[in-house]
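Take a look at the structure set out below.
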Amino acid sequence: MRGKFKGTVGKVDEVDLKKTKVYIENIKRKKASGQEISIPFNPSKLMLTNVIVEDKERKKLVERKK
């Protein structure tokens, strides 16, 4: 919603709970060595458009919140 990648759409690739960062697939940058790395995003700068609730643990969490 903000920043250089505003308007870019992608799936969540990884979530780092310790650093509270989200990595989106297909959004990468090149290092000086030429290696591509994923860019960490702050979750407050993202907007979820489609949530898949097929995971058993996630279903339990949603039911518990209701």
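May I ask you to list the lysines whose Cα is less than 19 Å away from that of residue 59, ignoring any residue fewer than eight positions away on the same chain?
Excluding near neighbours in sequence, the set is empty.
Straight-line reach from residue 4: which lysines have Cα under 20 Å away, leaving out those fewer than 8 places along the same chain?
Output for residue 4: 21, 28, 30, 31, 45.
Of the peptides 40-46, 28-34, how do they stack up when ordered by the mean number of other Cβ atoms within 10 Å, highest first?
Averaged packing, sorted descending, gives the order 40-46, 28-34.
By how many degrees, between 0 and 90 and to the nearest 10, does the Cα long axis of helix 56-65 differ from the longest principal axis of the chain?
So the helix axis and the longest Cα principal axis differ by about 60 degrees.
Gaussian network model of the chain, Cα springs within a sub-10 Å range: biggest mean-square fluctuation belongs to which of 51, 12, 22?
Largest GNM mean-square fluctuation: 51.
If you consider only alpha-carbon coordinates, what radius of gyration and Dmax does the chain have, in Å?
Expressed in Å, the Cα Rg and Dmax of the chain come to 14.4, 49.
Run the numbers on segment 12-65 and let me know its relative contact order in percent, using alpha-carbon pairs under 8 Å that are six or more apart.
RCO, segment 12-65: 23 percent.
No value in this document is a laboratory result; all are computed from the given coordinates. Not measured: the values here are computed from a predicted model. Positions of Cβ are generated from backbone atoms using ideal geometry, with glycine treated the same way; all protein chains shown enter the neighbour counts.
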